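Have a look at the structure below before the remarks.
The values are calculated or read from the model by the stated rules, or taken from the named source; none is laboratory data. What you see is a predicted model, and the numbers here were worked out from it, not measured in a lab. Quick reminder, even Gly has a Cβ in these numbers, built from the backbone with ideal geometry, and neighbours come from all protein chains shown. Accessible surface is based on the protein model in full, side chains and every heavy atom, while ligands, DNA and RNA are left aside. Shrake-Rupley method; radii C 1.70, N 1.55, O 1.52, S 1.80 Å.
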Amino acid sequence: MKIYSTLILGFFFSMNAYSFTLQGNSSNLKGWARGEVTFYVNTSNCPGSVDVVGLVKESLEVWNNTPTSSLKVKYGGSTTSTSSSSPPIVYCETNFNAITGADENSVPGAASVNTTGGQINSGFLVLNASGGQSNIANLSRKNLLIVMTHEIGHVLGLGHSQTANAVMYYTYSFKTELNLAQDDIDGISYLYPSDEFSDNEFAGCGHVQSVPPPTPGQMLLLILCLIMPLAVYFKTKKRFYLTHL
Amino acid sequence: MNQKLNILILCLLLPGMSSAFKAGTYSVGLGYYSQNIMNKTAQKITGKSNFWGETSYPLNFKYDFAAFSDWFISPQLSHTFQPRESAGDATRITMTHLAFLFGKNFQGSDFDWYVGPGILQQEMKGKGGSTQLLNGSTPTTFYLPSRTVTTRKLSVNIGSSYLLWGSRLGLDLIFENAFSSEKRAQSLMLSYAYSFGGGAGGGRSGSGRSRSKGGMF
Ligand SMILES: [Zn+2]
C-alpha cells in the first residue's frame, strides 16, 4: 500500500509548461472513490472575522458547476478533527509553519491527500491562522474564495496547472475574478467523468432511479433508433407516391 | 435564461428568404466549435471570462431525410480529427457529437432551422509522465494524467443554416445538462459545409427556387 501525503502548499512558482496535473504519486490517480465528496469544517482556530463555512460552501459550488464532470461536492457540517480524514476536513492552524513547513508570510492555505491504489482515501485542507502576514484574516474575501477553491481542487485530486487562466495556477496574485478555466474543467472531468449513459443521470437532472431498466440514456437511443427507420420509411413512401402520379 | 442566449436563439429563428434542407443531400464541412461559451470559463490570467470558450475544429457530416409534411430529419456527426490539446500537449481531447436534428425550411427562404437531441462524447487521452513544480521552496513532482477517460453527455441542439453559393453556413447551439441550473453549459458551432446530392427543396412548403446542389450545416 502506497501512501502519498506531500503537502501541496498554496501558490508558489512553477517551471515547465504543462496543463493540469494530479495529486499523489502516480499518473494513474482516479480521485475519491465516490464522486460525491462531503467536506466538514473545524472553525475552532479560525479568525472570527472570516466566514470559513460560507467560503467553503461558495467554493464547493464552483467545483459543482462543471458540465462534463459527475462530481458533486457539498458541505456536511462541523467537525473537531484536525487531521487527514475521510470525508475530508477544513481547519485553521495557528502553528501553520510547524504543520505544513510553509512560510506563514506568503502561504494562506495548503492541502494534502492520502492515496491507496490510485484512489484518494483521506484528505484535509489547512488554513493559515498563524501570526504571519498570510493569516487568512489579512486576505480579502475575493482572494480567500480563490485560495479556498484552489485548495479544494487539491483535495479533490488536482495538482497545479500551468495554464495561466486556471484556478489551479500557481498564483492568485493576478486574479480579479473567480472562474474555472477549461483546463480546471478538463482536470476535474478527467478525475470524475460524467457518463449519462451509465451514471443514472439524465440531462443533468441529477441522480434518477433506473427502475425499471433501461436507463434514460438508453431510452433516448432506442427512441432515436426508432425515428431513423421511420424517416427512411416516409422518404421511400413519398418516392413511391411520386412515381405513381 | 440569460438575455444574450435569448437574443442568439431569436437570431437563429429569424426567417430569411429559399430552402436549405434538401432531401437526400450530403454535407461535409468544417466547424468552429467553441466549448462552454457565455462567461462559463476564465479566458484571462485575471480569471475574467467572456462570450467565447475553448476552441476546436471538428469535421461535420450531415444527411437530410425528408420526413413528413415539410419536415426533415438530419443526422449530423461532428468529430475533431485533430484533437484539442491542453497546454504543453499533456492531454489530447477528442470531441464527437452525434445529433438527430428535426427541422424545416423557412418558406421562400434560404434559411432552415432545426432542433434535436444528441450525444456529445469527449475522450481525454493523457500522455503520462511527470513535471517538477516548486512547492514551497523545494520542487515537488506533479504527475500528468496517463489514462484515457471518456465523458458522454446528452445534448439539446438548436440551430439554423443558410444556403450560400451551393454551400451551407450554419450556427448551432449545443446545450449540455439542459435541465440543470447548476451544471448547464452551452457551446457554439459555426460551420461551413459543401453539399452534394439531393433533390427537391423538401416538403410541401419547399422553395420553388430550389438549387440542384448545395445545402449546408
Ligand atoms: Zn496549490
Residues located in the stretch A:77-104, provided they are open to solvent by 40 Å² or more (accessible area, probe 1.4 Å) and either within 28 Å of B:Ala42 (Cα to Cα) or outside any loop (DSSP other than H, G, I, E, B) (or both): A:Ser78, A:Asn97, A:Ala98, A:Ile99
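Which one of these is of a type outside the set (A, V, I, L, M), closer than 19 Å to A:Ala181 by Cα and open to solvent by less than 10 Å² (accessible area, probe 1.4 Å): B:Pro58, B:Pro145?
Numbers: B:Pro58 fails: closer than 19 Å to A:Ala181 by Cα.
Sole residue among the options that is of a type outside the set (A, V, I, L, M), closer than 19 Å to A:Ala181 by Cα and open to solvent by less than 10 Å² (accessible area, probe 1.4 Å): B:Pro145.
Looking at A:Gly123, is it part of a helix (DSSP H, G or I), surrounded by 24 or more Cβ atoms within 10 Å (Cβ to Cβ) and not aliphatic (A, V, I, L, M)? Walk me through it before giving the result.
On the way: part of a helix (DSSP H, G or I): no; surrounded by 24 or more Cβ atoms within 10 Å (Cβ to Cβ): yes; not aliphatic (A, V, I, L, M): yes.
Judged against the criteria, A:Gly123 is not a match.
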From (1) modelled with pLDDT under 95; (2) in contact with a Lys or Arg (Cβ under 7 Å, 6 or more places away or on another chain); (3) not in a loop (DSSP other than H, G, I, E, B), pick out the condition that doesn't hold for A:Pro67. (3)
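Look at A:Gln182 and say whether it is more than 15 Å from the ligand (Cβ to nearest atom), crowded, with 24+ Cβ neighbours inside 10 Å and under 28 Å from B:Glu85 (Cβ atoms). Before the answer, list the steps.
Details: more than 15 Å from the ligand (Cβ to nearest atom): yes; crowded, with 24+ Cβ neighbours inside 10 Å: yes; under 28 Å from B:Glu85 (Cβ atoms): yes.
Yes.
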Show the residue pairs that are 6+ apart or on different chains and have beta-carbon atoms under 7 Å apart, the first residue being within the stretch B:88-100 and basic (Lys, Arg), the second being outside any loop (DSSP other than H, G, I, E, B). B:Arg92/B:Glu85; B:Arg92/B:Lys125
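For (1) more than 30 Å from B:Ser180 (Cα to Cα); (2) within 12 Å of the ligand (Cβ to nearest atom), each residue gets a yes or a no:
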position: A:Gly101; (1), (2): yes, no
position: A:Ala110; (1), (2): yes, yes
position: A:Thr115; (1), (2): yes, no
position: A:Arg141; (1), (2): no, no
position: A:Met148; (1), (2): no, yes
position: A:Thr163; (1), (2): no, no
position: A:Val167; (1), (2): no, yes
position: A:Ile188; (1), (2): no, no
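Can you name the residue in the stretch B:153-168 that is open to solvent by 20 Å² or more (accessible area, probe 1.4 Å) and modelled with pLDDT of 95 or more and is also nearest to the other protein chains (Cβ to nearest Cβ) among such residues?
Looking only at the stretch B:153-168, we keep the residues that are open to solvent by 20 Å² or more (accessible area, probe 1.4 Å), and these are B:156, B:158, B:162, B:164-165.
Those left that are additionally modelled with pLDDT of 95 or more: B:156, B:158.
Values: B:Val156: 7, B:Ile158: 14 Å.
My answer is B:Val156.
So, A:Asn135, is that one farther than 24 Å from B:Thr131 by Cα, in contact with a strand residue (DSSP E or B) (Cβ under 9 Å, 6 or more places away or on another chain) and within 15 Å of the ligand (Cβ to nearest atom) or not? Talk me through it step by step, then tell me what you get.
Working: farther than 24 Å from B:Thr131 by Cα: yes; in contact with a strand residue (DSSP E or B) (Cβ under 9 Å, 6 or more places away or on another chain): yes; within 15 Å of the ligand (Cβ to nearest atom): no.
So A:Asn135 does not fit the description; no.
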Given the condition within 16 Å of the ligand (Cβ to nearest atom) and at pLDDT 90 or above, answer yes or no: does some residue in the stretch A:192-201 qualify? no
